Amino acid sequence: MTPRCEGFQRDGWEILAQCVPQALNMAGVPCPRRARDPGNIGDKCSGWRRGHVGPVERQHLYRLARPWSEGDRADAPQRVRPGLRRLLDSAADVPAYIVGRNTDVLAWNRLAAALITDFGALPPAQRNLARLVFLDEGMRSLYADWPEKTRDVAAYLRLDAGRHPEDPETAALLDELSAASPEFRQAWAEHQLKDKTHGRYVYRHPVVGELDLGFETLRLPDDPDQALMAHTVEEGSPSQTALRLLASWAEETRPVT
């Protein structure tokens with residue numbers, strides 16, 4: 001039987017947060033005993049300010065070390081404001097979508113569906129980036145560097161899971177991916193953390209060919225669980241031509257209503 005994915009339940013980062021002084025001293029980062037107080041972790045460990053631990057890792061440890069309250073639970077359903085949906089639709093020349101907790105895809109525009117997958121044709125429970133990347137065979141050929149994409153998604157999912165450690169949907173997703181994907185088990189075991197702020201991916205689209213696209217992430221101030229992801233393309237590049245072809249193809253294949 002495939003072992004349960006317990007990386008989140010007894011994550012190395014979680015253990016570090018619980019044993020800050022000893023663990024950081026072993027790593028060569030001086031930290032006094034008073035750092036056991038979660039509120040003092042970042043301030044008392046001078047090595048963190050010198051760059052031994054990056055801002056993403058530091059914030060993750062803050063979340064894991066501090067006491068949890070009922071307000072941290074992820075019981076509320078994820079909803080996208082109508083204005084954000086209109087914003088997505090108005091960005092017709094770039095693929096854009098909104099990701100929520102556990103990498104759920106909550107909303108998207110037509111070009112994002114044409115580039116990645118037809119999210120609207122999937123059951124709501126299957127509109128999940130981690131599930132698609134690790135379990136959908138089509139994703140392996142869509143991303144030019146699929147192994148790197150899997151590591152990025154696993155690192156982002158670990159970071160996202162730290163925001164709501166009591167979320168049963170998180171545990172269910174981790175169990176499913178651990179049982180079904182050896183690539184996920186390998187990526188998860190690396191214990192990496194990564195926020196998707198900006199970067200680039202090379203796509204190999206079955207209709208328009210290769211697209212080298214950047215991306216920018218805008219996290220919503222009033223709902224940090226949601227992030228708007230928008231692709232960008234270099235002006236005058238072959239990828240811009242391919243993206244325009246993709247937009248034309250998406251319009252031509254748009255269902256008549």
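Every read-out reported here was derived from the displayed coordinates using simple, explicitly stated rules and does not represent laboratory data. Everything quoted here is computed from the prediction, not taken from an experiment. As a convention, Cβ positions derive from the backbone with ideal geometry for all residues, glycine included, and neighbour counts pool all protein chains shown.
Assorted remarks:
- For ARG219 and GLU148, a Förster radius of 35 Å and the Cβ-Cβ distance give a FRET efficiency of 0.95, rounded to the nearest 0.05.
- Kirkwood hydrodynamic radius of segment 82-252, Cα pairs, Å: 16.5
- Each of TRP108, TRP146 has some number of other Cβ atoms within 10 Å of its Cβ, and from fewest to most they run TRP146, TRP108.
- Extension gain, GLU190 back to GLU235 (0.36 nm per residue minus Cα-Cα distance, nm): 12.5 nm
- With each label modelled as a point 7 angstrom along the Cα→C-beta vector, the ALA92-ALA180 pair spans 3.5 nm.
- Once backbone amide H atoms are built at 1.01 Å from N, ALA107 has ILE98 as its partners under 5 Å, excluding neighbours fewer than 5 places away on the same chain.
- Going from the fewest other Cβ atoms within 10 Å to the most, the residues LEU88, LEU122 appear in the order LEU122, LEU88.
- Using θ = phi - 60° in the Karplus curve 6.51 cos²θ - 1.76 cosθ + 1.60, the 3J(HN,Hα) couplings for segment 228-233 round to 8, 10, 10, 7, 10, 9 Hz; x is entered for Gly and Pro.
- Spin-label model distance (nm) - ASP118 vs ARG81, 7 Å beyond Cα toward Cβ: 3.2
- Rounded to whole Hz, the Karplus (6.51, -1.76, 1.60) HN-Hα couplings of segment 113-130, x for glycine and proline: 5, 5, 6, 9, 6, 7, 4, x, 7, 8, x, x, 5, 8, 7, 9, 5, 4
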